[in-house]
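Nothing in this text is a laboratory measurement; each read-out follows from the coordinates by a stated rule. Everything numeric in this text was worked out from a predicted model, so none of it was measured. In this analysis, Cβ positions are derived from the backbone assuming ideal geometry, glycine residues included, and neighbour counts consider all displayed protein chains.
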Amino acid sequence: MGFLIFLGVLVLIAVFVIGIYNKLVTLRNRFKNAYAQIDVQLNRRHDLIPNLVETAKGYMKHERETLDAVISARNQAVSANQAAASHPEDASAIQNVVAAEGALTGALGRLFALAEAYPDLKANQTMQQLMEELSTTENKVAFARQAYNDAVMQYNTYREQFPNNFIAGPFNFTEAELFEVDTPEIREAVKVSFD
């Protein structure tokens, strides 16, 4: 009889541990999926930038340095995003994306500030359309980032709760990194108005 009680307790503990493990897997997959949505929007943003630069090139011949800085920042952001997309659970990869996107936002801000001095560029239909698409994409990135941060917060909270923390550690459920925006320039979406 004692053996059956012992066996029953072991089965209950095993079911409990399996339940916690499966919930951790579910929550981890949820935040990975949420990052995939950020990835889609960042890729869309990155795809718009070469067209934007090409359109501006014809008008801003003397601003080559700024245009090159935008393309360089875009390429670094693409590279950082690819690394994070393949491993969204890697905190340093997420930090690299945030830093690269911040540099890209700064370079785009300088481009838009310079573009204000070129009335023909401001009036260009292609440029206006690209600016509108970029503005829409920036909003989508913000919404995707919020969904990702919500999923990460839920995962991190669950993995830190007792007794879940005893299961999370040995099974390598590490803390996930929020997609936090540290600088005020990045917090605001790129301003893209040519009024």
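Just a few scattered comments:
- Output for region 93-119, where each listed residue is over 16 Å from His46 (Cβ atoms) and touching a residue at least 12 places away in the same chain (Cβ under 8 Å): Ala93, Ile94, Gln95, Gly109, Arg110, Phe112, Leu114, Ala115, Glu116, Tyr118
- Filtering region 85-102 to residues that are touching a Ser or Thr at 6+ places or on another chain (Cβ under 9 Å) and aliphatic (A, V, I, L, M) leaves Ala91, Ala93, Ala100.
- Condition check for Thr157 on (1) surrounded by 16 or more Cβ atoms within 10 Å (Cβ to Cβ); (2) within 22 Å of the chain's Cα centre (by Cα): one failure, at (1).
- Set Val25, Val97: member being of a type in the set (A, V, I, L, M, F, W, C) and touching a helix residue (DSSP H, G or I) at 6+ places or on another chain (Cβ under 9 Å): Val97
- Any helices (runs of 4 or more DSSP H) falling wholly within region 23-125 and containing at least 3 residues that are surrounded by 15 or more Cβ atoms within 10 Å (Cβ to Cβ) and of a type in the set (A, V, I, L, M, F, W, C): 64-86, 91-115
- Scanning region 124-143 for residues that are farther than 16 Å from Val78 by Cβ and either among the β-branched types (Val, Ile, Thr) or in contact (Cβ under 8 Å) with a residue 60 or more places away in the chain (or both) yields Asn124, Thr126, Met127, Gln128, Leu130, Met131, Glu132, Glu133, Thr136, Glu138, Lys140.
- Residue in region 139-159 that is outside any helix (DSSP H, G or I) and either in contact with a Phe, Trp or Tyr (Cβ under 6 Å, 6 or more places away or on another chain) or not charged (D, E, K, R) (or both) present: no
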